[in-house]
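Have a look at the structure below before the remarks.
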């Protein structure tokens, strides 16, 4: 039933991928295809050409550097779950994406570049202060996750660029991930949260599905670090999130649940 | 004896290995693809329907109401629904015109180039508003039917008056295989229809009346689930495909995409149910007053029968000396609602079970103790004056309680759940379900089964389709045991109205019980006929003699209604059903008090099935139905836009349970035989839909104190109910 006549280009090296991207800025980039295939079936995407990065060498590795980890953009959720040393926060997120079949194909880079506000892994990158490494024939540059999603489905990426890797610094602190959907699998987030907190030093409260982009609640973070009460932090979270009513849920529910998740996490932290 | 064992299902291996050919897998030579031009308005006059000039129509056929040779009616109960809109649309997605083309893509492109001009009319969406409203959708007052039942003696003792309103929403059947139908021209100028369906003879009649001649036969293709959604709706696809095949002069196939199927096809009737009871201070029901409103949508379909079943079940399995019930099914400008597993009974019993919990709260009794006190026993009389013989309420309650004493294994939950937010709760609910058609339905239908001797094998000819429930396996089991031969020598023929008799529709938990019972009698008749023609001996001896004689041997058997069953359709008094199934459900769940999410840990069901012909198939029906009921309870919500069109028309946003949402299921089969069923079997297809939602609501209440009287109990609603405590 699904028909797509667009020619598909499969680069054999990263340099070839950059060259293809530069030559075909109109092309649809396919990583695992778990979003592209849905768009094709729904008739909302009519690609002229497809650059298929699945199997492109050099993009599916987890590397360790001094001071952190580097995730290839082509790593799948299943790769993350199987790797010995993948970040616990990312593991929790990867485990809640779709179901096994989706996890086998869905890539970290695809989730980032598709830039759905409800993308399950996206708050994790905010919480971990990740940097996205973008490459093209002109060279490489790094963009912090906090500046990457510019607006609803708008990202800081040039037409000739590809996301190559995600750099995560080694960070200490309490971490927490929580996804709220309607069912246990094949569920799109109504609220998704990733948090990191080093008592008295640094806090990151990152949400998805409660605004046009994945977002941090910076006022609540500042209050938390400065020792404000949990009630104050939760109240700021409820004020900062920007949820809407849609066919999946209501703004009111999302706002309150965002607060409840933060409250439950902070309530259960061991007292310093 | 094969009855009571669980041989592999006949269609199992082909389905498991992907060899089964469903309607959309079939590609007759030269087949074209049909598509439907649908209304975007809830209620409007059609000013014009024309083809855009900026599109190449040379390779596309186009059909409107003007091309219908016979009646422009989808024949079912009342001739109110047109095959194609003729001047007026009464609901969004109503078919206006049809196209067919050599490819699906071209057909869909052509649909976009059909220009429809509307003159909008005021539209009604709320059944309480539509009843008697000046805007006419159906008849004088938009009422499809009103039913009133009064029975018994009013109380003269002082009592508690307890009132409540209970509501339920739309639910989609969500068969795995979307609607699909193929029409092919026959050499005699007639039409053969092959497709996904429950009731070949419904389609047979509908297409014949629309064409104005009888040269029609209808054959079922392998069907990927029905749940009522393929009871009456496929007649529409069949009429459409027939018109397109005639226009194109070649075979035409129509297969709905999932989104189109969700937007256009029937759903479960939403209901608003007001109950008021008088209850003695020790908890005995004295009077039950009920008012039911159901939303039928823009056309009648089967709404009056759905209402009938709702009213006949609203009392639940409880004794009440006086009942006064009124039900109304109303027309609105929404897509027509239709058959769905349970057929009104789940809505009604959701209301009564919630009301029992309200009574328990009011009089300060344990909900289960209240149910025990009022549960029907032998000799109790129903709202229709039917005396119950050996009802199974206590048997299923005890079986469920016994099974539920085992400790609950809690399911693994999502990452990030701390633990303290999860609150455990248990809920218990009971239900009854009338098996087979209501009242004199079977007497009217006179379902027939044929058996044909073919060598030493026996062919079963019936129009009872297998839609996943196991007809292809159960009928041969029944016939084989009756004849005393191995099951491997008995098989169902194709379900093609060209050569099978009308056994009645595949609905109402009647296939195994009624048609299966007719199979048993047919087998006995075959043996008698063989003995008359070929003397004494066992089946093999007689079959060999018949083969040697070369005389064909075929018998027909028609279902005979027990003469003691009396029913008055005007007063709604008498024996509403030949027998009842009984069920008890005990749900163990956890509520996440931060989010209102529900984790189902275990569901124990105990169901009186009369006789488990195949225990595995019986348990499969019950477990599948239970999961479907859990979806109705907490997940499935149809979101409509301002025109009454389903907005969440994708499987990603119309949420049904996945395997991971399913609880551990403990399925107890209780056997209280029904002497009118084959080997004692009762109908079991629908009863699993009745009790789970109410058990879930009670469990939620036990877990976190939230009281919910509306379905679905989505996390948003559970959350709001917790806030409202």
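Points to keep in mind about this one:
- Among the residues of region B:406-423, just one is without any contact (Cβ under 8 Å) to a residue 12 or more places away in the chain, within 37 Å of the chain's Cα centre (by Cα) and either facing chain A (nearest Cβ under 7 Å) or surrounded by 16 or more Cβ atoms within 10 Å (Cβ to Cβ) (or both), namely B:414.
- Boolean, residue B:252 is modelled with pLDDT of 95 or more, under 15 Å from residue B:23 (Cα atoms), surrounded by fewer than 24 Cβ atoms within 10 Å (Cβ to Cβ) and touching a strand residue (DSSP E or B) at 6+ places or on another chain (Cβ under 8 Å): no
- Residue within region A:88-97 that is on the phi < 0 side of the Ramachandran plot, surrounded by fewer than 24 Cβ atoms within 10 Å (Cβ to Cβ), within 14 Å of chain B (Cβ to nearest Cβ) and without any contact (Cβ under 8 Å) to a residue 60 or more places away in the chain present: yes
- Selected residue [on the phi < 0 side of the Ramachandran plot, in contact with a strand residue (DSSP E or B) (Cβ under 8 Å, 6 or more places away or on another chain), within 9 Å of chain A (Cβ to nearest Cβ) and at pLDDT 95 or above] from B:639, B:666, B:670: B:639
- Residue count, region A:158-190 (criterion: under 19 Å from residue A:76 (Cα atoms), in a strand (DSSP E or B) and either more than 7 Å from every other protein chain (Cβ to nearest Cβ) or without any contact (Cβ under 8 Å) to a residue 60 or more places away in the chain (or both)): 7
- Leading residue by the ranking (surrounded by the fewest Cβ atoms within 10 Å (Cβ to Cβ)) among those in region B:206-227 that are out of contact with any helix residue (DSSP H, G or I) (no Cβ under 8 Å at 6 or more places or on another chain) and farther than 21 Å from residue B:15 by Cβ: B:212
- When A:228, A:223 are screened for being in a loop (DSSP other than H, G, I, E, B), away from every other protein chain (no Cβ under 14 Å) and without any contact (Cβ under 8 Å) to a residue 40 or more places away in the chain, only A:228 passes.
- Looking at B:581, B:610, just one residue is more than 12 Å from chain A (Cβ to nearest Cβ) and in a loop (DSSP other than H, G, I, E, B), and that residue is B:610.
- Of the candidates B:529, B:546, B:533, the single residue that is over 23 Å from residue B:682 (Cβ atoms), in contact (Cβ under 8 Å) with a residue 24 or more places away in the chain, over 40 Å from the mean Cα position of the chain (by Cα) and outside the structural domain of residue B:389 (by TED's automatic domain parsing) is B:546.
- Restricted to helices (runs of 4 or more DSSP H) entirely inside region B:267-385, those with at least 3 residues that are touching a helix residue (DSSP H, G or I) at 6+ places or on another chain (Cβ under 6 Å) and under 27 Å from residue B:640 (Cα atoms) are B:345-363.
- For residue A:86, the conditions (1) part of a loop (DSSP other than H, G, I, E, B); (2) farther than 29 Å from residue B:418 by Cα; (3) touching a helix residue (DSSP H, G or I) at 6+ places or on another chain (Cβ under 6 Å) are fulfilled apart from (2).
- Of the residues screened, residue B:684 is one that is crowded, with 23+ Cβ neighbours inside 10 Å, assigned by TED's automatic domain parsing to the domain that holds residue B:577 and closer than 20 Å to residue B:585 by Cβ.
- Boolean, residue B:633 is within 28 Å of residue B:178 (Cβ to Cβ), more than 14 Å from chain A (Cβ to nearest Cβ) and not in a loop (DSSP other than H, G, I, E, B): no
So that you can scan it fast, the table gives a plain yes or no per residue for (1) under 30 Å from residue A:52 (Cβ atoms); (2) touching a strand residue (DSSP E or B) at 6+ places or on another chain (Cβ under 9 Å); (3) at pLDDT 95 or above:
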site	(1), (2), (3)
A:166	yes, yes, yes
A:181	yes, yes, no
A:215	no, yes, yes
A:225	no, yes, yes
A:230	no, no, yes
A:256	no, no, yes
A:266	no, yes, yes
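The values are calculated or read from the model by the stated rules, or taken from the named source; none is laboratory data. This one's a predicted model, so the numbers in the text were calculated from it and none came from an experiment. Backbone-built Cβ (ideal geometry, glycine too); neighbour counts: all protein chains shown.
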